[in-house]
1. To the nearest 20 debye, what charge dipole does segment 8-119 have about its Cα centre, counting +1 at the Cβ of each Lys and Arg and -1 at the Cβ of each Asp and Glu?
2. Go through 100-106, 138-144 and give me the packing order, highest mean Cβ count within 10 Å leading.
3. Once both axes come from the Cα atoms, what is the angle between helix 130-142 and the longest principal axis of the chain, in degrees from 0 to 90, rounded to 10?
4. For the residues 162, 188, what sequence is obtained by ranking on other C-beta atoms within 10 Å, fewest first?
5. With point charges of +1 on the Cβ of Lys and Arg and -1 on the Cβ of Asp and Glu, referenced to the Cα centre of the chain, which listed residue (92, 137, 192) lies farthest in the positive direction of the dipole?
6. About the Cα centre of segment 139-202, what is the dipole size in debye to 20, counting +1 per Lys and Arg Cβ and -1 per Asp and Glu Cβ, all else neutral?
7. Would you kindly state how much longer the chain becomes between residue 18 and residue 110 on full extension, computed as 0.36 nm times their sequence separation minus their alpha carbon distance, in nm to one decimal?
8. Charges at C-beta only: +1 for Lys and Arg, -1 for Asp and Glu. How large is the resulting dipole of the chain about its Cα centre, in Debye rounded to 20?
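Where a number appears in this text, it was derived from the coordinates with a stated rule and is not lab data. What you are looking at is a predicted structure, and each value in this text was computed from that prediction instead of being measured. With ideal geometry, Cβ positions are generated from the backbone for all residues, glycine too; neighbour counts draw on all protein chains shown.
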Amino acid sequence: MLQYDLSGFPVVDRRKLIGMVTEGDFLRRFETGTERRQPRWIELLTDPGRLAEEYTHAHGRHVGEVMTADVVTVAEDASLEDAVRLMERHHIKRLPVVRGEALVGIVARADILHAFIVGSSKPAAVAASDAAIREQLLAELARQAWVPHHSVDIVVDNGVVELQGFLTDERQRVALRIAAENVPGVKEVRDLLRKLEPGVGR
């Protein structure tokens, strides 16, 4: 890990993934004085098998003794969205990629960041009509619960989106602008929105 500046490795047996060993597996070690220590009365109430497992993890000298055996994986044909959701749900930085039981690769946060950068740098597709831009933006906003639907209007002229109407929260202003900017064919977004103060009518 030090030699290749990596924070984790898959553990394999004849290409079959059996675990992962990461920096996190070395955080609780007796050599560094960071071994988990419970009060004696808690230990008496804890399953002996669990205590033995913690001891093995903190004192083991072989990869198989300290690795994480219950590994979250992703199939090679899964979407990047699926990979991101798994990383978020399980609070992990990397996912082994499998074909059946065989390990075929690893996708890490850096890989997804690279894919995002490459994807976001692609030029926009063919210019869309004003009507198509407005329709796509309205469809996106219709899916969002934070949008003040009855007080915001969208006007599109020659690829320029004007956001008109009233807001109740400044954070809605930012989100509306981002939604408009992400629609293919939009050249510019003009913010003409006004914020309604509490108790003040239109």
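1. Value, rounded to 20: 200 debye.
2. Top to bottom by mean Cβ count within 10 Å: 100-106, 138-144.
3. So the helix axis and the longest Cα principal axis differ by about 50 degrees.
4. Lowest to highest Cβ neighbour count: 188, 162.
5. Of the options given, the answer is 92.
6. My answer is approximately 120 debye.
7. Between residue 18 and residue 110, full extension yields an extra 30.8 nm.
8. 220
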